[in-house]
1. How would you order 176-182, 240-246 from highest to lowest mean count of nearby Cβ atoms within 10 Å?
2. From the phi of every residue in region 165-171, what ³J(HN,Hα) in whole Hz does the Karplus formula 6.51 cos²θ - 1.76 cosθ + 1.60 yield, where θ is phi - 60° and glycine or proline is x?
3. How large is ³J(HN,Hα) for each residue in region 95-100, as worked out from phi by the Karplus curve 6.51 cos²θ - 1.76 cosθ + 1.60 (θ = phi - 60°), to whole Hz, x for Gly and Pro?
4. So how much slack lies between Thr158 and Val263, counting 0.36 nm per residue of separation and subtracting their Cα-Cα distance, in nm?
5. Whose amide H sits under 5 Å from the amide H of Arg85, counting only residues 5 or more places off or on another chain, with H placed in the peptide plane?
6. Which cross-chain or sequence-distant (5 or more) residues have an amide H under 5 Å from the amide H of Ile194, H modelled 1.01 Å from N in plane?
7. Starting at the first residue of region 69-83, write each ³J(HN,Hα) from the Karplus equation 6.51 cos²θ - 1.76 cosθ + 1.60 with θ = phi - 60°, in whole Hz, x for Gly and Pro.
8. Go ahead and run the numbers for FRET between Asp256 and Asn72, Cβ-Cβ distance against an R0 of 25 Å, rounding to 0.05.
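Read-outs throughout are calculated quantities, based only on the coordinates presented, and are distinct from any laboratory measurement. A quick note: this is a predicted structure, and the numbers were derived from the prediction, not measured. All Cβ positions, glycine included, derive from the backbone under ideal geometry; neighbour counts span all protein chains shown.
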Amino acid sequence: MKLSFLVLSMGISFVSFSQPKLITQAIVNTTTTVIAPEDEEVQNLQNSGQGGGMNFRNFMDGETKSVTYLKNNLTKTVMKSDMGRSTIIRNDSLKLTTTLIEMMGNKTGFYVTDEEQAQLRKRADSMMQGRRKKDSSANITREMPQRPSEVPVEISYTNETRKIAGYTCKKAWVITTRLLGVKDSVAAWYSPEIKLQHVTSTGGLSGFGNMGSVSGLDKIDGFVMAYEMSMRRNRKMMVEVTKIDLQKDIADKEFDIPKDFEVKPMKDMQNMFGGQGGFQMRRGNQ
């Protein structure tokens, strides 16, 4: 009886030990590299910005450095690239995301609640369906994009390991199944030692609060340190953490909105984004 109890206790201790430690304060440096196909026509890229509004068609092409600050329910990600600098502040308590953009000497920004984002997505989906119905040449079998929460996800773990930013990481395949049974796979490396509160991964599109993410990364049992995925128009995105600091104290003022930015509600920013009614970014192969 005592032996059985001892074995059971050891089993429980092992399970507890193997669980990732939840981190509530951290500073994470990440590099994102988006590689465009070599045969892409430059003329098409130049013309893609015509018609008014800001052109995000080739957003994040090249290398983007980002730093993510996490403190309890607050997250801030600062991204720097050849296009400029953007800062995304996420307040999980208020379900509010604020985006600040520094570009060509202008400092502007917008904020949006999770509820407003859901409404904007619903409106965008409705407009897309309406356009497709009017287009008689559209292939009726063409699948509609799915939201990350709607996509069935399977995690396939492997025994492969790799050292990233001082952590021994394991490899997993994130397999998503879209409409018509089409499957997409993303190779991800994760640390089974830690998990960051409210932060599934850094780099890529993850800094945009609820507006950008890769389906399924949140289901991995650990913190995602690197991943590689295919994007629209034959692009490839590679994301990798370069440094994690769990010791440095983060002041509350780190998450304050600078006074020299003109910040408005997202609904007032239609002209900035070409009159589309919102900040639209596509994920993966959608």
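1. Put in order of decreasing packing, that is 240-246, 176-182.
2. Per-residue couplings from phi come out as 6, x, 10, 7, 9, 10, 9 Hz.
3. Whole-Hz 3J(HN,Hα) from phi for region 95-100: 6, 10, 10, 10, 10, 10.
4. Value of the extension gain: 33.3 nm.
5. Placed amide hydrogens put Glu102 under 5 Å from Arg85.
6. Lys21, Phe223
7. 10, 10, 9, 6, 9, 10, 9, 10, 10, 10, 10, 10, 8, 5, 6
8. Efficiency, rounded to the nearest 0.05: 0.95.
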